[in-house]
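Below is one structure; the comments refer to it alone.
The values are calculated or read from the model by the stated rules, or taken from the named source; none is laboratory data. None of the values given here were measured: they were computed from a predicted structure. When we count neighbours, we look across all protein chains shown, and the Cβ atoms used for this are built from the backbone with ideal geometry, even at glycine.
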Amino acid sequence: MTANSEPVSLPTRTKVRRYLFLLIVLGLSVYFLLPRFTQIQHALEVASTLKMPFVILALGAQVLSYLGSGYLLRAVVRLAKPFSIVEGALLTAGANTVGTLGGGVLGTAGMTYLWLRQRGVHAGAAGLGGWIPIFLNDATLSIVSLLGLLTLIALNKFSSLLAVALVIAVLILAVGMGTLLWSLTHREKLLPLAMAITNFMARFRRKSHDPQGTEVAVGRLLKAWDALVLKGGWRGPAAGAALNTGFDMLTLAFLFLSAGHGVSLLVLVAGYGVPQLLGKLTVILGGIGVVETTMVGLYSILGVPTAIAVVVVLVYRLISFWLPTLAGIALVPYLEHKKYTALPAD
């Protein structure tokens, strides 16, 4: 280094990880895309012939899918603090973006909880609002995946690797749902467990433990659970989860029609559920690569021309994943800084 030269600043660890991630994605893209250059050319030709009315219908179906999520969230916390379905949809989009960009399921549930608390929802209902939509959506997706697997078996398009992946995914979801149900049915053990967790978190964050606040939060959680399940309040959230998944599948169906290759309901289900479920359980952001590759592969073996499958799946992911994620990034500051009703006193 000369006397006049400026010191070289090394990139931070965050930048290094970001560059490494981009390099890996670029390498995988080159590895998978170069051998299929001819198929890509054909896919571009197919993309240029998409029928725009069906693409617009697909966009509308995706909006309705998110409104279904908003209805789900509102139904979970409706007794604590009513709010509009649109507000619930915006909340869901923002929280999903936080989870996608690195927070995972904990990030999604945590941001939903935080924003519900900012809206005056008490801790118990906000806790259910953070987790119940995740479990209901994944449970609905598991049912669709199992139906898809049965369809693949009936059509003799079944593989042992696919079965193993699906079993692992369903087991993980079952463990999560079982943990939630156990904690809410073994009420005498829930408070000591919550005390231990909050005490550990307080020590980890070097803050004082608030046992009274934990006891109040557990009491409200159980009260919200009773209102949701024991009093029949589960029907609304279940309907919301069904609407979310149903309109998401309708988005895909409209895109197949836009490509001039409509598919039957059985084929649509067979290629939809398993990739989505596997994508949710990967460490890669939003299941990028996993969902697209698996979905294209399944629809190809189910008789859809590969070029059409590639175009439909990529446009579907643009509408159902990339656009909501970008919108969620813009929503986060809005959701963070908008003023709401003050929290109710304990």
Go through (1) among the polar types (S, T, N, Q); (2) free of Cβ contacts under 8 Å to residues at least 24 places away in the same chain; (3) crowded, with 19+ Cβ neighbours inside 10 Å for Thr100 and report which single condition fails.
(2)
Pro192 passes all but one of (1) at pLDDT below 75; (2) part of a helix (DSSP H, G or I); (3) surrounded by fewer than 16 Cβ atoms within 10 Å (Cβ to Cβ); which number fails?
(1)
Flagged pairs (Cβ under 7 angstrom, 6 or more apart or on separate chains; first in the stretch 130-143, farther than 17 Å from Ala95 by Cβ; second in a helix (DSSP H, G or I) and hydrophobic (A, V, I, L, M, F, W, C)) are Ala139/Leu173; Ala139/Met177; Thr140/Ala241; Thr140/Ala242; Leu141/Leu277; Ser142/Val170; Ser142/Leu173; Ser142/Leu277
Please list, ordered by residue number, the helices (runs of 4 or more DSSP H) wholly in the stretch 250-346 having 1 or more residues that are touching a His at 6+ places or on another chain (Cβ under 6 Å) and modelled with pLDDT of 85 or more.
306-317
Just give me the residues in the stretch 112-127 being on the phi < 0 side of the Ramachandran plot, modelled with pLDDT of 80 or more and more than 13 Å from the chain's Cα centre (by Cα), in sequence order.
Tyr113, Leu114, Trp115, Leu116, Arg117, Gln118, Arg119, Val121, Ala126
State whether one or more residues within the stretch 49-61 are among the hydrophobic types (A, V, I, L, M, F, W, C), without any contact (Cβ under 8 Å) to a residue 60 or more places away in the chain, over 18 Å from Trp234 (Cβ atoms) and surrounded by fewer than 18 Cβ atoms within 10 Å (Cβ to Cβ).
yes
Positions within the stretch 109-133 being touching a Pro at 6+ places or on another chain (Cβ under 9 Å) and of a type in the set (Ser, Thr, Tyr), in sequence order:
Thr112
Any residue in the stretch 80-95 that is among the polar types (S, T, N, Q), outside any helix (DSSP H, G or I) and surrounded by fewer than 22 Cβ atoms within 10 Å (Cβ to Cβ)?
yes
Just to be sure before I move on: is Ala241 crowded, with 22+ Cβ neighbours inside 10 Å and modelled with pLDDT of 90 or more in the structure I sent?
yes
Specify which of the listed residues (Phe32, Phe37, Phe54) is more than 22 Å from the chain's Cα centre (by Cα), at pLDDT 90 or above and on the phi < 0 side of the Ramachandran plot.
Phe54
